[in-house]
Every structure is written in C-alpha cells, then in structure tokens.
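Before any comments, here is the structure.
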Amino acid sequence: MTRAKIAIAGFQHETNTFNPNLTPVSEFERADGWPAATRGQDILEVFPGLNIGIGGFIQEGQDFDLRPILWCAAEPAGHVCRDAFDTYCGEICAGLKQHAPLDGVLLDLHGAMVTEDHFDGELEILRRVRAVVGDIPVVVALDFHANISPAFVALCDAIAIYREYPHLDMAQTGVRAARLMRQRLILGHPFSRAFLQVPFLIPLSDQATGQEPFAHIFSGFDDLPVPGLISADAASGFPAADIPNCGPSVLAYCTKEPAAQQAADILLGRFLEAEQQLTKSLLSERQAIQKGVELLQTSARPVVLADVQDNPGAGGTSDTTGLLQALIELDLAPAVMGIFADLACIQKAWSAGVGDHFDHVVGQNTQIPGLTRKTATFEVVRLCDVPILCTGEMYKGIAVDIGRTALLKIVGPSNAIFVVVSEQRFQCLDCALLEHFGLDLSDARLIVVKSTAHFRADFDPIAQATLLVASPGLHPCRLDQVSYENLREQVSLIKASPGRDVFAQT
Ligand SMILES: [Zn+2]
C-alpha cells in the first residue's frame, strides 16, 4: 500500500493589534525562543523532539510520506507586514504545487494572526492553500489563544488546539492533528462538525489551566458523553486583537452531526458557567510588592510577581518600568526582575564591563500612558553572549537566542535589586533564563517576571505565592479599559462582578 503523501508547513504569529510595531520578514527569519525560518528537508532534522506542533506532525506521521515545505514564526508584536505575509504564503503555495498531487496538508498555525490587509490571517492562508490543493483533507494545529472564525472552520477538515496554558502540549497537539488526518483519510469524507463562539472575551491573566475555572473548562475533552466523538477542543482567544472574531470558541468533530453539536454545547456551557469566576485580582505595583513582603515574613520561599501586561509573548514591549520603579522606590526586599529588552542598556553594559557602573534611562522605548522613564545607576554583574538553554518543561532543550544579555544590579541603598537585560524580547518563562547568570532562585525573595501565565510551569514549583500585577503595558488584561472598535456586536467584555472592586483587592 502506498503511503499517503502529506505536505507539512507552519506559519505562526500571535498579533497584538495594540502594538504599533509591525512584524516584518526579518522577525520570522531569525531564531528566538523557537528556531529560525526552516525550509524543506531541514524541517525533518530541526523539529523532532521539540515541543512545537510540527514536531508532533513528524513524530506521528512516520507512516505518511511527509513533504516538508516551510516553518516560520515570529515573536508576538503588531500586524504582520504585507510583504511578510505574501512571502510566506507564496512559499507554502509553491511547495504545495511542487509536491502535487498530495493526499493531504497538515498546517501548524497560531490562529491569532492579523496582517496589514487581513483581520483573519489564518483564513487568508487557508483560502490560498485551498486555491492550490482543492478539496483534499487539510488539518490544522492551532494555539490555545486562537481567535477562530466560522469561515476558517469551514475551510479545514479538522482542527486540533493546544489544551494547556502554559502550553506544555504543543507537540502533542501536532500528534493529535496527524491522527485526525489519518482518521479523515480512512473515513474518505469530511467529519460532521459543530463550532460555537463564546459571547465574551477573557484576559490571558484568567486563562491558566492550572487554576480554576480553566482547569475544569479544559478537562476531559476526549471523554465527553456523546456518541461517535472524534475530537473536541476549545480556544480561549487572544483579546489583544481588535478584530471581529476575537474571543474564545469551541468545536467538535463526530461521526454524526447532532453529536457534534451536543459536544460543542457542553463545552460552551462550561465557559458560560465560569463567567462569574473570571475576575481574578490584578494588583497595582505597590500593592503587589507590599503583599509579597508580607508573605516573605512568614515563609522564606520566593514570591513571584507577574508583570502580566508587559508580556512580550503576547506582544508587550518588555521594557516597561512600572514595577521596577516601585521596587526601587519602596526598596523593601531583595528582588530579581527579567527580562528587560533594551539594546541601548546592553551596549552600555558591554562597554562598561563586569564590575563597572553606568547610568541609563530605562523605558525610553515606549510611549505607554501611565509610565514614566526611570534613570538608574547599574553595576554590571555578569555578561553573556551565547543562547540560554531552557530546562523547564515547556521549552526544555531549546537554546533561546535573545542576543547579548546581562545581569545588572541597581546601585541604591540596599544594592539588592537585580535586573536581567537582553537585546531581543523574550518572555521570562523558564527559570534558566535567570539562573543562567549564577542566581539561585530558591534563595530569591521577590522574583518579577514579564509573563502572564507561561512562567507558571517552571516558577510555581519554587514559589510560595504568585501575584498578578496590572502595571501599564501593551498587552491589556483589564479589558474593560480597552477601546475596541472592531469586535462583532455579540461580544461583551469580562468585567468585575457587581459591587466588587477586583483591582483594589490585595
Ligand atoms: Zn498561546
């Protein structure tokens, strides 16, 4: 029996439409936390063993005749440039033509791409792919934060979505997608499907699947009590995107249509039931530091403060100063903070050298309301110019290339505030990103991470508590303060429960 000839490709971007910095080709071509743009047979060498969707395609697709075309991704930021979008869609379509006739296509996409021309980047990718391959099975792996449209679902034969945030199951999602491809090929005709959109948006700070209510919402998808279930999934949406199809959604594939609808109804019901629980406390910078210091009086284990609105993994600039300013002003406890993306600071640190001091204005790259620039004197503690090897479950084995980096100490009364600075933006989601500089985080007191939830996989086990901080940044988590213009009419925003000031709680 001949093996099914399956093309595999990936093109990923999570677009924060509130970030004014466009995402050009160069951002996709360079390596960061993920590999640089990779083409052809190199894909079969680079991705096996990595926690990335296309790695799962390769792992599960050993009985397919795999035809790798292109995989690329860029750090979340503003709209994808027209040129970048057309370039990578063009490469994928050219590859599909080259390998024709194909039996199927597996795509590793994100689901929240917005381009200069398209609110729904993935829908346009699928349109162009369909124009080349016609009616053959196309199965897609998507990120947990996908903003999925009905038109996109209609163009796919099946979709598999990450089920964990932190995303520990990216490769596993690729495995599930490859299995859906196999089932679809055996069946010989499309699955019955159902797709529903949740009528409200949920900030990423409420979406961690290790905490309720998301732990319940995202559990037991394979065991839903419906006959003939093939697959059921949910996406929690990416609310930093002012587009019509922003928001969570659920979908199901079954052998019979009523069952698919039944499964989707169950998952939608979980979101609707959870709505009133989706108002976790977000603290101010001062509240969080004071609460952290209070906790440190009863336990020596570190307290993690998450700078949730300056998460570069969600399009933040990773250089906002709100928490740093408060740490310096209060100076209540030893602290380590990471990762600041500040090229000028790195250049000064490398010019100064280890042991020397320099003055620098932090936060000069952003114009975000509510932020002020901060001038500080830094002492250079350590310098590094090699990629940092991650050790946590999510990025284990990946050498993160964020350019030159430095561990700096703020020169002040306590001399106990440390900052890790890099040339490139990257979310502080792995303890190795800080410990690489010789720090022992189990001895730390306050640890400040520019991350919203991914840090939890590696930092929660060492922390006595995690506090979420709403310091000004480009990744909005207080959605009632966002001026959306393009949402569809049926969508509302999660707000504080009546009579409850969630932001004032400590
Ligand atoms: Zn995500």
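Heavy-atom accessible surface of segment 374-461, averaged per residue, reaches 35 Å², computed with a 1.4 Å probe. What percent antiparallel are the DSSP beta bridges of the chain, to the nearest 5? Expressed as a percentage, antiparallel bridges in the chain total about 40.
Taking amide H as placed 1.01 Å from N in the peptide plane, the amide H of D65 sits under 5 Å from that of A4, K5, I6, each at least 5 places away or on another chain.
Averaging sequence separations of C-alpha pairs under 8 Å and six or more residues apart, then dividing by the length of the chain, give the relative contact order as a whole percent. It rounds to 17 percent for the chain. Here each label is just a point 7 Å from Cα along the line to Cβ, and for A215 and H189 those points are 4.4 nm apart. Note on Q481 and A131: the model spin-label points, each 7 Å out from Cα along the C-beta direction, lie 4.3 nm apart.
A full extension of the chain between L224 and Q490 corresponds to an added length of 93.0 nm, given 0.36 nm per residue minus the alpha carbon distance. Counting heavy atoms of the protein chains alone, C156 has an accessible area of about 0 Å² for a 1.4 Å probe.
When the surface is traced with a 1.4 Å probe over the full set of protein chains, K348 keeps roughly 80 Å² accessible.
Surface exposure of segment 244-316, expressed per residue as accessible area with a 1.4 Å probe, stands at 36 Å². The amide H of V362, built 1.01 Å from its N in the peptide plane, has K374, T375, A376 as neighbours under 5 Å, considering only residues 5 or more places off or on other chains. For T372 and L343, a Förster radius of 22 Å and the Cβ-Cβ distance give a FRET efficiency of 0.60, rounded to the nearest 0.05. Oblate is the label for segment 5-277, because a/c, from the alpha-carbon gyration tensor with a ≥ b ≥ c as root eigenvalues, is 1.5 or above and a/b does not exceed b/c. Between R39 and V386, the modelled labels are 3.0 nm apart [label points 7 Å from Cα along Cα→Cβ]. For the pair V293 and L272, the difference between a 0.36 nm per residue extended length and the Cα-Cα distance amounts to 3.9 nm.
Residue-wise HN-Hα couplings along segment 464-481, as the Karplus relation 6.51 cos²θ - 1.76 cosθ + 1.60 with θ = phi - 60° gives them from phi, are 7, 7, 10, 10, 9, 10, 9, 8, x, x, 8, 9, x, 10, 9, 5, 6, 9 Hz; Gly and Pro carry x. Amide hydrogen proximity for A73: with H placed 1.01 Å from N in the peptide plane, the residues at 5 or more positions away or on another chain lying under 5 Å are Q12, A37.
Judged by the gyration tensor of its Cα atoms, with axes a ≥ b ≥ c, segment 63-161 is prolate; a/c meets the 1.5 cut and a/b is the larger of a/b and b/c. Per atom type, the chain shows carbon and sulfur on 50% of its accessible surface, probed at 1.4 Å. Rounded to whole numbers, the Karplus 3J(HN,Hα) couplings from phi for segment 236-247 are 8, x, 10, x, 7, 9, 8, 9, x, 9, 5, x Hz, using 6.51 cos²θ - 1.76 cosθ + 1.60 with θ = phi - 60°, and x at Gly and Pro.
Kindly express, to the nearest 10 degrees and within the range 0 to 90, the angle between helix 121-133's C-alpha long axis and the longest C-alpha principal axis of the chain. Approximately 30 degrees, to the nearest ten.
To the nearest 10, the accessible area of D319 is 10 Å² with a 1.4 Å probe. For segment 158-173, backbone phi angles converted through the Karplus equation (6.51, -1.76, 1.60; θ = phi - 60°) give residue-by-residue couplings of 6, 10, 10, 10, 3, 10, 10, 9, x, 7, 7, 10, 5, 5, 4, 5 Hz, Gly and Pro being listed as x. The value of relative contact order for segment 357-481, using C-alpha pairs under 8 Å at least six residues apart, is 20 percent. For a test of the definition: using alpha carbon positions, the gyration tensor, and the 1.5 limit on a/c, classify segment 285-476 as rounded, prolate or oblate. Rounded, because the longest to shortest axis ratio a/c is under 1.5. For segment 5-277, the antiparallel share of DSSP beta bridges with both residues in that region comes to about 35%.
The values are calculated or read from the model by the stated rules, or taken from the named source; none is laboratory data. Being a predicted model, the structure only gives us computed values, none of them experimental. Cβ: placed from backbone, ideal geometry, glycine included. Neighbour counts: every protein chain shown. Side chains are part of the model used for accessible areas, which takes the heavy atoms of the whole protein and leaves out ligands, DNA and RNA. Shrake-Rupley method; radii C 1.70, N 1.55, O 1.52, S 1.80 Å.
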